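Asker: Got a structure for you, questions after.
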Amino acid sequence: MLRTHTCGELRLDNVGEEVILTGWVQRLRDKGGMLWIDLRDRYGITQLTFEDGVTSAHLFEAARGLGREYVIRVVGKVIERYSKNDKIPTGDIEIHATKIEVLNAAKLPPFMIEDETDGGDDLRMKYRYLDLRRTPVRRNLELRHQMMRAVRSYLDEHYFIEVETPVLIKSTPEGARDFVVPSRMNPGEFYALPQSPQTFKQLLMVSGFDKYYQIVKCFRDEDLRADRQPEFTQIDCELSFVTQEDILNTFEGLIRHLFLKVKGVHIEKLPRMTYADAMKFYGSDKPDTRFDMRFVELNPIVKNKGFKVFDDAELVVGINAKGAASYTRKQLDELTDFVKRPQIGATGLVYARVQEDGTVKSSVDKFYTLEDLQGWATAFNAEPGDLLLVLAGGKDKTRKALNELRLEIGERMGLRDKNVFSPLWVVDFPLLEWDEDSNRYHAMHHPFTSPKPEDLELIDDRPGDIRANAYDMVINGVEVGGGSIRIHDRRLQEQMFRLLGFSNDEAKAQFGFLMDAFEYGAPPHGGIAFGFDRLCSLFGGSDSIRDYIAFPKNNSGRDVMIDAPAPIANTQLDELHIKMKHLPS
Ligand code: ASP
């Protein structure tokens, strides 16, 4: 190799050794008679020193001529440092350089390659290869690598086999829009990129593979947010001859293994919450259970007292912000503005403070007697110093708004500590979800999810009440994974497609291969997929999955570094038999 050691390797034990290091010039400090260079590579930083009189004049000048991010090779002797740096592992030593070779000069980088950089998002993404030189960014990818290894080792130990499935396929039903790829050899026809390997992993079960996994890229053409990318990675799994219980236990094991191996955190058995309870007590199917602050429904005690807003509401529901009675008028106004924002959509916020003497003072005192308000305090199990926050309106909308308020209060009270992890299972999801726009039912998870057998009798009259054998794993308010026990019977699958509004022909055209396969001895099976990027960002304490992807796309789905997507040449379009309707401006 061009080097004898890396820049993160040398210690006091190496003092006196002649070494060769290679790397990038991180920083150069020139004090006239003394010159220091921090030399960086993936493994760390080592200090090089040059001293007037000791170092040859020629070498001294050569060192002085180096710029930031030059790639160099240095020969020198390991010396114990006079003033040590306990912030870096190589801080006890330095190298007295005897020779420098410039392997490549570098233009001045467009932003500082430092932990705290002056580069904005766009600039860093355009020069992502430089951004990736920064230690915090590299650490994120190291974490990702560690996570991947830990996932593979756990699944290997549990007899899973990793099988790759194709990327050029036909539409998969995960509810998003497909990315499509035109086929040159089949004019007018398109592949779709997989939204997940869902149908393939089920077919692998029909093939007898028993336990499959794949760390796999999935593609969904959706509007983007901090925790969404058009291409993302799943830990995708499927198992045969299992019940829901087996799956929950196996993957709870995986998550505990990951926490222990990667973060040294011991996780207790995961609690389970039904979807119905999650909605009732947290207003969300992904409750952040790092803090309690459950919803308290107030309908029976607040209605018919002359307060029209509550009387007209389908649901009056609140939370107890413990110890927050001291919130000022200004803070309460902020919270009112917060819930009234269009994205949240509440019409107002009612509050009540439990005072030192135990009496309750509310923003709606004129409608409620002291005893009425005392009843509120009892319902919330409130103590002096507590602040009760109440919303009213349509059930679903109000729950959703109160969920946002609960998270906001949790944030303000410092209850959403990134170093605390609170995983749980949410189970018994509804099978179907009513879609106002298309005026029909959609599969809440996907169309292969099996209904709970005991709910099947509702299929004609109350299909919306059928529960599914479907489950999500939620950590700190983030859905990190989800799956279901599948339908493995052709007739039930056909019935499900009908319920979802597919005609027989449509179902056959789209998923005939799967239904055919079910006629050749399909085992009972089920599975799950974890959003791998999300898990990484959660483990790393960040809200953005982009930080954990080497080359992510921006909010408009662009890779600004390679400048994609991009127009293609007319000849290419012709080959694909594609005519542009109108050229993009
Ligand atoms: N294919 C599903 C998804 O991507 C996961 C599963 O049901 O296993 O969400």
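Asker: Using the Cα centre of the chain as origin and beta-carbon charges of +1 (Lys, Arg) and -1 (Asp, Glu), tell me which of Val137, Phe281, Phe295 is placed farthest towards the positive end of the dipole.
Answerer: Checked the options; the winner is Val137.
Asker: Going through the cross-link list Lys211/Lys261; Lys553/Lys579; Lys269/Lys322; Lys217/Lys553; Lys84/Lys263, which pairs have a Cα-Cα distance over 20 Å in this structure? Show your work: numbers first, answer last.
Answerer: Values: Lys211/Lys261 23 Å; Lys553/Lys579 27 Å; Lys269/Lys322 27 Å; Lys217/Lys553 14 Å; Lys84/Lys263 30 Å.
Too far apart for the 20 Å limit: Lys211/Lys261; Lys553/Lys579; Lys269/Lys322; Lys84/Lys263.
Asker: If each of Asp292 and Ile562 carries a label point 7 Å out from its Cα toward its Cβ, how far apart are those two points in nm?
Answerer: In this crude label model, Asp292 to Ile562 measures out at 5.2 nm.
Asker: Of the DSSP beta bridges with both residues in the chain, give the percent that are antiparallel, rounding to the nearest 5.
Answerer: Values: 92 of 100 bridges.
Roughly 90 percent of the DSSP beta bridges within the chain come out antiparallel.
Asker: For the residue pair Asp396 and Val181, what label-to-label distance in nm results when each label sits 7 Å from Cα along the Cα-to-beta-carbon direction?
Answerer: 3.7
Asker: Another question, if that's okay. Using a 1.4 Å probe on the protein chains only, how many percent of the accessible area of the chain belongs to carbon and sulfur? Spell out each step's value before the answer.
Answerer: Numbers: 14860 of 29600 Å².
C and S atoms contribute 50 percent here.
Asker: At 1.4 Å probe radius, can you tell me the per residue accessible area of the chain in Å²?
Answerer: Per residue, the chain has an accessible area of 51 Å².
Asker: For region 148-241, which GluC sites (Glu not before Pro) pass both filters: DSSP loop (anything but H, G, I, E, B) and at most 15 other C-beta atoms within 10 Å? The partial results should precede the final answer.
Answerer: Values: sites: Glu157, Glu162, Glu164, Glu174, Glu189, Glu222, Glu231, Glu238; in loops: Glu164, Glu174, Glu189, Glu222.
For GluC sites (Glu not before Pro) across region 148-241 that sit outside H, G, I, E and B with at most 15 neighbouring Cβ atoms in 10 Å, the list reads Glu164, Glu189, Glu222.
Asker: Further question on the same structure: Applying 1/(1 + (r/R0)^6) with R0 = 51 Å to the Cβ-Cβ distance of Asp52 and Glu189, what FRET efficiency is obtained, to the nearest 0.05? Walk me through the numbers on the way to the answer.
Answerer: Details: r = 73 Å, r/R0 = 1.43.
The calculated FRET efficiency here is 0.10.
Asker: Which is farthest toward the positive dipole end of the chain among Val163, Ala192, Phe532, measuring Cα position about the Cα centre, with Cβ charges +1 (Lys, Arg) and -1 (Asp, Glu)?
Answerer: Phe532
Asker: Could you work out the relative contact order of the chain, using alpha carbon pairs under 8 angstrom and six or more residues apart, expressed as a whole percent? Please list the in-between numbers first.
Answerer: Values: 1086 pairs, mean separation 74.8, N = 585.
Once divided by the residue count of the chain, the mean separation gives 13 percent.
Asker: Shifting gears a bit: Round to a whole angstrom and tell me the spacing of the C-alpha centers of region 201-262 and region 146-160.
Answerer: 12
Asker: Cut-off 19 Å, label point 7 angstrom out along Cα-to-Cβ of Leu576: give me the residues of region 542-568 whose amide nitrogen falls inside.
Answerer: 557-560, 562-568
Asker: When only the heavy atoms of the protein chains count and the probe is 1.4 Å, how do Arg462, Arg3 rank by accessible area, highest first?
Answerer: Largest accessible area first, the list is Arg462, Arg3.
Asker: Could I ask something else about it? Not counting ligands, DNA or RNA, and with a 1.4 Å probe, what is Trp36's accessible surface area in Å² rounded to the nearest 10?
Answerer: That residue has around 60 Å² of solvent-accessible surface.
Asker: Where in the chain are the helices, taken as whole DSSP H runs, whose Cα atoms extend 30 angstrom or more along the long axis and whose Kyte-Doolittle mean reaches at least -1.0?
Answerer: Values: long enough: 135-157 (33 Å, -0.97).
Helix filter hits for the chain: 135-157.
Asker: Before anything else, pin down the relative contact order of region 1-84: Cα pairs under 8 Å, at least 6 apart, normalised by residue count, whole percent. Before the final figure, lay out each step's value.
Answerer: Values: 149 pairs, mean separation 30.7, N = 84.
The normalised contact order for region 1-84 reaches 37 percent.
Asker: Packing-wise, with mean Cβ within 10 Å as the measure, how do 563-569, 62-68, 110-116 rank, highest first? Mind dumping the intermediate values first?
Answerer: Working: 563-569: 9.7, 62-68: 15.7, 110-116: 13.6.
Top to bottom by mean Cβ count within 10 Å: 62-68, 110-116, 563-569.
Asker: Restricting to DSSP loop positions (anything but H, G, I, E, B) with no more than 16 other Cβ atoms inside 10 Å of their own Cβ, which GluC sites (Glu not before Pro) remain in region 351-408? Let's see the in-between values first.
Answerer: Numbers: sites: Glu356, Glu371, Glu404, Glu408; in loops: Glu356.
Passing sites in region 351-408 are Glu356.
Asker: Once fully extended, how much extra length lies between Glu383 and Asp461, figured as 0.36 nm per residue of separation less the alpha-carbon to alpha-carbon distance? Mind showing how you got there, number by number?
Answerer: On the way: separation 78, 0.36 × 78 = 28.08 nm, distance 4.59 nm.
Stretched fully, the Glu383-Asp461 segment lengthens by 23.5 nm.
Asker: So, one more: With charges only on Cβ, +1 for K and R and -1 for D and E, what is the dipole size of the chain about its Cα centre, in debye, rounded to 20? Could you put the intermediate results ahead of the total?
Answerer: Numbers: 78 positive and 92 negative charges, 261 e Å.
The calculated dipole for the chain is roughly 1260 debye.
Asker: Hey, another quick one. Can you pull out the chymotrypsin sites (Phe, Trp or Tyr not before Pro) in region 470-527 that DSSP calls coil and that have at most 12 other Cβ atoms within 10 Å? If you can, show how the numbers build up before the last one.
Answerer: Numbers: sites: Tyr471, Phe497, Phe502, Phe511, Phe513, Phe518, Tyr520; in loops: Phe502, Phe518, Tyr520.
Loop-located and lightly packed - Tyr520.
The values are calculated or read from the model by the stated rules, or taken from the named source; none is laboratory data. The structure presented is a predicted model; accordingly, all values stated were derived computationally and were not measured. Cβ sites come from the backbone with ideal geometry, for glycine too, and all protein chains shown count toward neighbours. Calculation scope for accessible area: heavy atoms of the full protein, side chains included, ligands and nucleic acids excluded. Shrake-Rupley method; radii C 1.70, N 1.55, O 1.52, S 1.80 Å.
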